[in-house]
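Peer 1: Supplied in structure tokens, the structure appears directly below.
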């Protein structure tokens with residue numbers, strides 16, 4: 001950039017150069033300083049990290065690390081958003097379901113409840129409703145949501161979402177032209193039979209048609225994939241790209257090899273456009289029921305990847321905290337082994353329960369402790385949902401048209417944790433009975449920012465004490481986000497951090 005500026009300046013007439021020189025001498029030092037503050041990929045970093053900074057993130061050695069030298073812990077949330085979750089029709093059919101709006105207040109509330117990643121479902125049908133014709137209105141809405149999230153301090157995972165393949169025959173996903181073979185019957189709302197739609201012959205046939213690349217339909221997905229990757233290749237607040245939610249291949253390929261081949265096919269065009277972002281890959285949806293997936297015989301041919309299975313308690317006979325913990329620890333152990341076979345970081349892409357259900361307290365605590373125990377990120381399903389028995393953080397009041405936050409959701413899910421620590425995270429644990437957060441990490445030396453903590457006032461009536469290796473640390477808590485960024489000297493060694 002500086003070279004181009006110098007060439008442009010030298011080509012100006014002498015009198016103009018002379019008149020501009022005093023202004024340039026004032027501005028140039030700041031520009032030079034900014035240009036020198038780069039990471040290894042040549043990306044500018046903020047001079048002074050804050051609680052809302054979103055530096056570049058990548059997967060290294062099966063850990064998610066940022067360019068400030070810290071390991072991240074992912075605590076995210078999914079959100080269906082109006083204008084992006086495409087469940088309406090242009091031919092007079094009834095929409096499948098109501099989808100909530102997303103505003104600056106939503107993004108800020110997510111951060112205040114402890115989330116640092118928004119897993120954002122986007123739909124191929126909205127992006128490319130007709131083959132080769134991309135919707136600028138859809139991309140504009142997507143830009144708006146990403147900008148709102150960034151300003152609040154929230155990373156965004158772009159998830160090509162589908163449920164039962166397409167809104168035309170299921171809930172959401174692919175456009176009508178991308179259903180191969182063509183469906184025998186188009187469906188409409190209200191959506192009250194999703195379970196039946198998921199296993200209908202036309203949905204099963206559509207999955208098989210795509211993964212067998214009939215009529216070249218898998219290749220015809222590449223233009224929309226490349227367009228998304230190219231558009232956000234230089235946006236650090238986009239934490240990664242996920243090409244398919246809950247892929248279904250087991251009914252015709254129990255080995256899931258066609259799924260792995262699909263992911264490898266996407267890797268080359270992605271890396272041609274983007275060397276920085278991570279590729280997030282989910283195993284076949286059958287894992288949601290069997291709680292295990294095949295191990296890869298050899299690691300995936302790229303190290304900047306995330307393995308993101310889902311955890312749902314289908315037909316699990318558990319009611320106590322101990323029984324939930326036993327089941328979840330086994331499941332997370334399986335997921336950790338699966339992620340290791342891929343050579344990937346582990347983040348659970350979806351998990352959840354109704355926060356007011358009888359098992360919520362035991363289940364949510366066991367989930368959070370399992371994630372801590374196995375070094376896994378996790379992303380909750382769901383932010384807002386206006387339907388019967390919705391799991392979201394909010395109830396919808398039909399009388400007033402207002403969303404009302406569920407107190408149990410905040411109490412059970414918005415718990416203290418370390419969002420990022422210098423070097424390598426060794427262990428962290430929060431005890432809700434004693435209200436003690438314990439974190440240990442190994443700094444390599446030279447990290448550019450200190451530990452970033454989430455310490456919500458819902459858990460602490462007054463500011464807690466923070467110590468590192470037994471010495472009390474002073475700090476200020478950001479009132480709006482509940483986050484605390486501790487000063488850091490860049491020292492090396494093993495550190496024990498405690499909040500009580």
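The values are calculated or read from the model by the stated rules, or taken from the named source; none is laboratory data. Model, not experiment: these values are computed from the prediction. Cβ placement follows ideal geometry from the backbone for every residue including glycine, while neighbour counts extend to all protein chains displayed.
Peer 1: Does residue 152 satisfy the criteria of being under 24 Å from residue 479 (Cα atoms), in contact with a strand residue (DSSP E or B) (Cβ under 8 Å, 6 or more places away or on another chain) and in contact (Cβ under 8 Å) with a residue 24 or more places away in the chain? Before you say what the answer is, go through the steps one by one.
Peer 2: Values: under 24 Å from residue 479 (Cα atoms): yes; in contact with a strand residue (DSSP E or B) (Cβ under 8 Å, 6 or more places away or on another chain): no; in contact (Cβ under 8 Å) with a residue 24 or more places away in the chain: yes.
Here the answer is no, as residue 152 does not meet what is asked.
Peer 1: Among the listed residues 441, 430, 393, which satisfies the condition of being surrounded by 17 or more Cβ atoms within 10 Å (Cβ to Cβ), within 21 Å of residue 353 (Cα to Cα), outside the structural domain of residue 155 (by TED's automatic domain parsing) and touching a residue at least 40 places away in the same chain (Cβ under 8 Å)?
Peer 2: Residue meeting the stated conditions: 430.
Peer 1: Next question, about the same structure. Give the residue, chosen from 446, 450, that is assigned to a loop (DSSP other than H, G, I, E, B), at pLDDT 95 or above and surrounded by 15 or more Cβ atoms within 10 Å (Cβ to Cβ).
Peer 2: Unique residue meeting the criteria: 450.
Peer 1: Still on this structure: Quick check: anything in the range 460-475 within 23 Å of the chain's Cα centre (by Cα) and either touching a residue at least 60 places away in the same chain (Cβ under 8 Å) or part of a strand (DSSP E or B) (or both)? Full working, then the answer.
Peer 2: Restricting attention to the range 460-475, the residues satisfying the condition of being within 23 Å of the chain's Cα centre (by Cα) are none.
The answer is no, given that none of the residues of the range 460-475 is within 23 Å of the chain's Cα centre (by Cα) and either touching a residue at least 60 places away in the same chain (Cβ under 8 Å) or part of a strand (DSSP E or B) (or both).
Peer 1: Hey, which of the helices (runs of 4 or more DSSP H) in the range 191-256, taking only ones fully inside, have at least 3 residues that are within 30 Å of residue 153 (Cβ to Cβ)?
Peer 2: Where helices (runs of 4 or more DSSP H) fall fully within the range 191-256 and carry at least 3 residues being within 30 Å of residue 153 (Cβ to Cβ), they are 222-231.
Peer 1: Among the residues that make up the range 370-377, is at least one of them in a strand (DSSP E or B), in contact (Cβ under 8 Å) with a residue 24 or more places away in the chain and closer than 24 Å to residue 338 by Cα? Please lay out each step first, then the result.
Peer 2: At the first step, the residues of the range 370-377 found to be in a strand (DSSP E or B) are 377.
Narrowing the set further to residues that are in contact (Cβ under 8 Å) with a residue 24 or more places away in the chain leaves 377.
Still in the running and closer than 24 Å to residue 338 by Cα: 377.
Yes.
Peer 1: Of the residues 132, 114, which is at pLDDT 95 or above and more than 30 Å from residue 194 (Cα to Cα)?
Peer 2: 114
Okay, residues lined up against (1) farther than 21 Å from residue 287 by Cβ; (2) surrounded by fewer than 20 Cβ atoms within 10 Å (Cβ to Cβ); (3) under 17 Å from the mean Cα position of the chain (by Cα):
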position	(1), (2), (3)
203	no, no, no
214	yes, yes, no
221	yes, no, no
226	yes, yes, no
233	yes, yes, yes
238	yes, no, yes
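Here's the yes/no breakdown for (1) touching a strand residue (DSSP E or B) at 6+ places or on another chain (Cβ under 6 Å); (2) surrounded by 19 or more Cβ atoms within 10 Å (Cβ to Cβ):
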residue: 78; (1), (2): yes, yes
residue: 81; (1), (2): no, yes
residue: 95; (1), (2): no, no
residue: 100; (1), (2): no, yes
residue: 104; (1), (2): no, no
residue: 108; (1), (2): no, no
residue: 119; (1), (2): yes, yes
residue: 129; (1), (2): no, no
residue: 138; (1), (2): no, yes
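Quick grid of which residues meet (1) part of a loop (DSSP other than H, G, I, E, B); (2) touching a strand residue (DSSP E or B) at 6+ places or on another chain (Cβ under 9 Å); (3) at pLDDT below 95:
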{"residue": "270", "(1), (2), (3)": "no, yes, no"}
{"residue": "279", "(1), (2), (3)": "no, yes, no"}
{"residue": "283", "(1), (2), (3)": "yes, yes, no"}
{"residue": "303", "(1), (2), (3)": "yes, yes, no"}
{"residue": "316", "(1), (2), (3)": "yes, no, yes"}
{"residue": "326", "(1), (2), (3)": "no, no, no"}
{"residue": "334", "(1), (2), (3)": "no, no, no"}
{"residue": "338", "(1), (2), (3)": "no, yes, no"}
